[in-house]
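> Before anything else, here's the structure in question.
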Amino acid sequence: MKLIIFLGIVLVLIILFFIACFKKIKYDEVYVYERFGKVKLAKEGRAFIIPFVDKVKSHLVIKDEIHSTMLNECTLSNGIIVQYKLTVFYDVLDPIKVTYEIKDMDSEIDEVIKQVFPEIIKDMSLDDIVKSEKKIVGLAKDNMSKLTEGKGYVVTEMKIDNIMEKTKYIGDIEI
């Protein structure tokens, strides 16, 4: 009798183990994992990922990811310092490349924006920047696509959330 109970418990544990191995993956997600040293990619549908054998390296959303930048600064040609905040939409094209070559996607996009955006607006006045937002966004997307080519992701859309002149503070007095 004890043997039947023991075998029943073992059978239940084996069934639970196999149920835990199946992952349901949504249409816009991928898992990058390693099995015996080989890199595998699990896409939409069901995947069989064995605990303790497979090492999941990343779980990525590959469509329409959103990144909002921190408040950055840029000095215009007339000496005015402007602060800007952007929202960037991107798609992951190569999940394996993104997993192994880019440590942090948010900081990667921030660095690309810090290279591209100030170069576009530095010779403009603040009024020109506000008036020609669509043109600036188009140029920034084109320049970003050149910089990110071959990195495993592409910027699909960009929006200027906020751009303003930086004010100076001395104590509680605004100058």
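Values quoted throughout were computed directly from the atomic coordinates according to the rules given, and no laboratory measurement underlies them. Treat the numbers as computed from the prediction; the structure is a model and nothing was measured. We place every Cβ from the backbone using ideal geometry, glycine too, and count neighbours over all the protein chains shown.
> Take the alpha-carbon positions of segment 43-98, form their convex hull, and give its projected area averaged over all directions (one quarter of the hull surface) in nm².
Numbers: hull surface 25.2 nm².
Over every viewing direction, the Cα hull of segment 43-98 projects on average to 6.3 nm².
> Counting Lys and Arg as +1 and Asp and Glu as -1, what is the net charge of the other residues whose Cβ lies under 10 Å from the Cβ of Tyr27?
With Lys, Arg at +1 and Asp, Glu at -1, the neighbours total 0.
> What distance in nm lies between label points placed 7 Å from Cα along the C-beta direction at Val61 and Asp161?
1.5 nm
> Next question, about the same structure. What is the local net charge at Ile62, summed over the other residues whose Cβ is closer than 13 Å to its Cβ (Lys, Arg +1; Asp, Glu -1)? Present the calculation step by step, with values, prior to reporting the outcome.
On the way: positive: Lys26, Lys43, Lys63, Lys97; negative: Asp28, Glu29, Glu44, Asp64, Glu65, Asp91, Asp94.
Within the 13 Å Cβ shell, the charges total -3.
> Output the pairs from Lys43/Lys141; Lys38/Lys151; Lys97/Lys141; Lys103/Lys151 with a Cα-Cα distance over 18 Å in this structure; if there are none, say none.
The answer is Lys43/Lys141; Lys38/Lys151; Lys97/Lys141.
> Return the FRET efficiency for the residue pair Gln83, Lys23: r is the Cβ-Cβ distance, R0 is 41 Å, and the value is rounded to the nearest 0.05.
Efficiency at R0 = 41 Å is approximately 0.45.
> May I ask for the Kirkwood hydrodynamic radius of segment 65-170, worked out over all distinct Cα pairs and given in angstroms to one decimal?
This gives a value of 14.4 Å.
> If you take every residue apart from Ile50 with its C-beta less than 14 Å away from the C-beta of Ile50, what net charge results, scoring Lys and Arg +1 and Asp and Glu -1?
+4
> Do the sum for the chain: with -39,500 (n - 2.57) for every DSSP H run of n ≥ 4, divided by all residues, what is the mean residue ellipticity at 222 nm, to the nearest 500 deg cm²/dmol?
Details: 5 runs with 66 residues, N = 175.
Roughly -12000 deg cm²/dmol at 222 nm, from the helical runs in the chain.
> Would you mind ranking Lys135, Lys146 so that the residue whose beta carbon has the fewest other beta carbons within 10 Å leads the list?
Ascending number of Cβ neighbours within 10 Å: Lys146, Lys135.
> Applying 1/(1 + (r/R0)^6) with R0 = 45 Å to the Cβ-Cβ distance of Ser132 and Ile96, what FRET efficiency is obtained, to the nearest 0.05?
On the way: r = 38 Å, r/R0 = 0.85.
Rounded to the nearest 0.05, the efficiency is 0.70.
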